[in-house]
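What follows is one structure encoded as structure tokens, with my remarks underneath.
The values are calculated or read from the model by the stated rules, or taken from the named source; none is laboratory data. Keep in mind that what you see is a predicted model, and the values were worked out from it rather than measured. Don't worry about glycine lacking a Cβ; one is built from the backbone with ideal geometry, like all the others, and counts go over all protein chains shown. These area figures cover heavy atoms from the full protein model, side chains too; ligands, DNA and RNA do not enter into them. Shrake-Rupley method; radii C 1.70, N 1.55, O 1.52, S 1.80 Å.
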Amino acid sequence: MEDDNRPLLSSEQTESQSHRGSTDSLDVKAKRPFHVEPRNIIGDDPQERVSAEAAILNSRVHYYGRLTGSSDRLLSPPNHVIPRPEEIYVYSPLGMAFKVKGSDDTSKNPSIVTIFAIWNTMMGTSILSIPWGIKQAGFTLGILIIVFLGLLMLYCCYVVLKSPKAIPYVDTSDWEFPDVCRYYFGKFGQWSSLVFSMVSLIGAMVVYWVLMSNFLYNTGQFIYNYAHNVNTSDLEYGTNGSEKVICPYPNIEPGGNGSITMSPLFISSVGNETLDSTSFGHWWSKTNTIPLYLIVLLLPLLCFRSASFFARFTFLGTISVIYLIVLVTIKSVRLGFHLEFHWFDTSTFFVPELRLLFPQLTGVLTLAFFIHNCIITLMKSNKNQENNVRDLSVAYLLVGLTYLYVGVLIFASFPSPPLLKDCIEPNFLDNYPSNDVMVFVARTFLLFQMITVYPLLGYLVRVQIMGQVFGNNYPSFFHILALNIVIVGAGVLMAKFYPNIGSIIRFSGATCGLALVFIFPALVHMISKKRQGTLSWPSAVFHSFLILLGLANLVAQFFV
């Protein structure tokens, strides 16, 4: 506050200004009491005016501008008169203010960084369910669906990326896709896009809770068995040898609909389990106790006002995915390939190449390829904006290749016989015993990564819901606590009663994808072209087909 009491043209200031140009006074660290209230910035209402304080400071800037018309730098505007770069506005003669968007090339990323940022953002928990999805669709059909849906999702993402620039006579440089939906569909578009965005975020948080319960349980089981020299090999239905693969819930009906059926051998072996069920087994249960233990750790983290601390650990996601790729490669080399091609008929150990359960894979992939709600933000940081389409395409190619690599290798190397291909779990790590060291490291990596990412997802949910409902991202501690209790409660209930991440992912993916991937992008494209007078009937038919495809994808999830 000391600078506020100094004269506008003191000797200290004039001396310092003589050693630097007037442009240097834009140092963001300098204190400048320049302020324009958000309600005074032009938005939807063109009649809003700037505050009297802003108008006075604006006059001062013009006054100093006239004084510095000559080459004399001694009369340059002092720091407290010049606004910060992010607070610079253009003033009309009527006193209205328009925000000036600066362009700082130093904060831009090269194409390679942008591509891997998109890849890292899309690489989530869905990668664990890709082998299960291929099994549900059939090996050949599963590969074709991954390629086809990847291309389809890429095109819809391209439409989302281009949608703000197709709006004429409006500055859309800081718009996101919900703003585009509001422009075309009013409040309905804004709120519906928010709701479906919440479905994807909360669905991801539920999946995270189920997986964290799974990983924490297996990590604790590994440590307990190692400390007490417990050997569970005879208690698990699976293969023998150094590279053991297990079938937690054997299906004795090959070619069935994926329902879980316990074989008599498996039931008897579990019934004779020799673990200490009265102490450790009672208090360390995957569905009864572990989901409740996570509340103590994660509920307080969700209530943090800022999630910036957890954002520092996002690099763990990249490390986890790279380690998973290495793990899959090593396991596949050691196990070898086990494939037989039966196109429509059932086999004892193998599934048909074409199965009617394929919508389960399309639901998973809708979320696996989903980045449409944040692609505009990610691409804004790209240094070469003319390469946005190319970089987006390369990123989708890398994501698709990663999914194909993991899914194909896990499915092909799954040892059949003696195990059935139907034994592949929605989380393929569950097909390895808890005493597998490499898998233990993978689970530990993923557990720590999810503990750091979970509060970030909760922060995004809080900002969007509270910002829209209350106009404040943190209205009060009790508002935030109530919201977090609802989110955590959903995760606990699913982890306890329905811990199937494959089904959770496919339902949430198909639901959010219906609006944000298929309906809204297709409608925005057709309306934009219609207003420009360039909408052709093949384009209208194709984009109408996209809407029907998204609707069919969601409806089919309830019948498979």
*Among SER393, SER416, which is out of contact with any helix residue (DSSP H, G or I) (no Cβ under 6 Å at 6 or more places or on another chain) and open to solvent by 10 Å² or more (accessible area, probe 1.4 Å)?*
SER393
*Within segment 455-492, how many residues turn out to be within 16 Å of LEU294 (Cα to Cα) and either charged (D, E, K, R) or not in a helix (DSSP H, G or I) (or both)?*
0
*Scope segment 474-529; condition among the basic types (Lys, Arg) and free of Cβ contacts under 8 Å to residues at least 24 places away in the same chain; matching residues*: LYS529
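State whether the residues of segment 332-351 include one that is within 23 Å of the chain's Cα centre (by Cα) and not in a loop (DSSP other than H, G, I, E, B). Full working, then the answer.
Here is the first cut: in segment 332-351, the ones within 23 Å of the chain's Cα centre (by Cα) are none.
No, because not a single residue in segment 332-351 is within 23 Å of the chain's Cα centre (by Cα) and not in a loop (DSSP other than H, G, I, E, B).
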*Across segment 439-468, what is the number of residues that are at pLDDT below 85, of a type in the set (S, T, N, Q) and open to solvent by 30 Å² or more (accessible area, probe 1.4 Å)?*
2
*asked:* So, in segment 497-525, how many residues would count as being closer than 20 Å to VAL180 by Cβ, surrounded by 24 or more Cβ atoms within 10 Å (Cβ to Cβ) and touching a Phe, Trp or Tyr at 6+ places or on another chain (Cβ under 8 Å)?
replied: 6
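Residues are listed down the side, and each one gets a yes or a no for (1) touching a Leu at 6+ places or on another chain (Cβ under 7 Å); (2) part of a helix (DSSP H, G or I); (3) open to solvent by less than 20 Å² (accessible area, probe 1.4 Å):
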site: TRP132; (1), (2), (3): no, yes, yes
site: GLN136; (1), (2), (3): yes, yes, yes
site: ILE146; (1), (2), (3): yes, yes, yes
site: LEU152; (1), (2), (3): no, yes, yes
site: TYR155; (1), (2), (3): no, yes, no
site: VAL160; (1), (2), (3): no, yes, yes
site: LYS165; (1), (2), (3): no, yes, no
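Residue-wise test of (1) modelled with pLDDT of 80 or more; (2) part of a loop (DSSP other than H, G, I, E, B); (3) touching a Ser or Thr at 6+ places or on another chain (Cβ under 8 Å); (4) under 30 Å from LEU514 (Cβ atoms).
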| position | (1), (2), (3), (4) |
| --- | --- |
| GLY189 | yes, no, no, yes |
| SER197 | yes, no, no, yes |
| ALA204 | yes, no, yes, yes |
| LEU211 | yes, no, yes, yes |
| TYR226 | yes, no, no, no |
| ASN251 | no, yes, yes, no |
*Residue ID - farthest from the chain's Cα centre (by Cα), chosen from residues in segment 176-189 that are touching a residue at least 24 places away in the same chain (Cβ under 8 Å) and open to solvent by less than 40 Å² (accessible area, probe 1.4 Å)*: TYR184
